[in-house]
1. Within the bounds of segment 31-40, is there any residue that is assigned to a loop (DSSP other than H, G, I, E, B), at pLDDT 95 or above, of a type outside the set (Asp, Glu) and under 16 Å from the mean Cα position of the chain (by Cα)?
2. Please determine, by comparing only the residues of segment 73-88 that are under 20 Å from Lys63 (Cα atoms) and of a type in the set (D, E, K, R), which one is modelled with the highest pLDDT.
3. Can you find a residue in segment 144-155 that is closer than 18 Å to Tyr39 by Cα and within 17 Å of the chain's Cα centre (by Cα)?
4. Can Thr18 be described as modelled with pLDDT of 85 or more and either assigned to a helix (DSSP H, G or I) or within 24 Å of Tyr165 (Cβ to Cβ) (or both)?
5. Kindly establish whether Asp98 is under 24 Å from Ala55 (Cβ atoms), in a helix (DSSP H, G or I), without any contact (Cβ under 8 Å) to a residue 40 or more places away in the chain and of a type in the set (Asp, Glu).
6. Could you please find all residues in segment 112-148 being within 30 Å of Asp61 (Cα to Cα) and exposed (fewer than 15 other Cβ atoms within 10 Å of the Cβ)?
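The values are calculated or read from the model by the stated rules, or taken from the named source; none is laboratory data. Computed from a predicted model, the values in this text were never measured in an experiment. Glycine also receives a Cβ, built like all others from the backbone with ideal geometry; neighbour counts cover every protein chain displayed.
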Amino acid sequence: MKVAKLLSVLLLGLFLSTTAHAKDLKIAYVELGNVFNNYQKTKDFDAVLQKETQAAQSQIDDKVKNIRDEQSKLALMKDDEKQKLQATIEKEANDLRDFQKQKRAELSKKFEDMRKEIILEIEKIVSDMAKKDNYNYIFNDTVLLYGDQESNVTKTVLDTLNAGYKK
C-alpha cells in the first residue's frame with residue numbers, strides 16, 4: 001500500500017513538473033513523405049533508376065526474342081540438331097532467369113541505398129534546423145494525429161534540401 005501511494009505521489013510530481021515545463025517547449029513536425037517525394041534528388045534518382053530499368057528490360061526483351069526465334073526453328077530441324085538446339089535454348093532460358101534475378105537484385109539494392117541516403121540527408125537537415133532554431137522536438141508526421149499548420153516545417157526542410165542539392 002505504501003508503495004502504491006509513493007508511486008502515485010511521484011507520478012503526480014512528474015506530471016506537474018512536465019506540465020509546467022511544457023509551456024517552454026518548441027515543437028514542430030515534418031511531412032516526411034512530402035519532403036522525400038518532392039526533393040529534387042529523389043526525382044533525379046528515380047529518373048536514373050527508370051532508365052536503368054528500361055535498359056535492363058530491353059536486354060531481357062532481346063534475350064526472350066532470341067529464345068523464341070530459336071524455338072520457332074525447332075519444328076524444321078532433324079532430331080539430332082533439334083536436341084542440340086533445345087539444349088542451347090534451355091541454357092539461354094536459365095541464363096535469362098539468372099540475368100533477370102541479378103538485375104532485379106541490383107536495382108532493388110540501388111533503390112534501397114538511394115532511399116537510405118536521402119532519409120539520412122533529411123534527418124541531418126531536420127537535426128541541424130532543430131539545433132539552430134532551438135526546437136525541443138521535431139516529429140515525423142506518420143506518428144502525429146494532429147499538427148497545427150504553424151508547427152509544420154515541411155516547406156522549410158524541403159527548401160533547404162533543394163537549395164543545397166547539387167546534381
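1. Within segment 31-40, one or more residues are assigned to a loop (DSSP other than H, G, I, E, B), at pLDDT 95 or above, of a type outside the set (Asp, Glu) and under 16 Å from the mean Cα position of the chain (by Cα).
2. Here the residue is Lys84.
3. No, segment 144-155 contains no residue that is closer than 18 Å to Tyr39 by Cα and within 17 Å of the chain's Cα centre (by Cα).
4. In short, no.
5. So Asp98 passes the test.
6. Glu112, Asp113, Arg115
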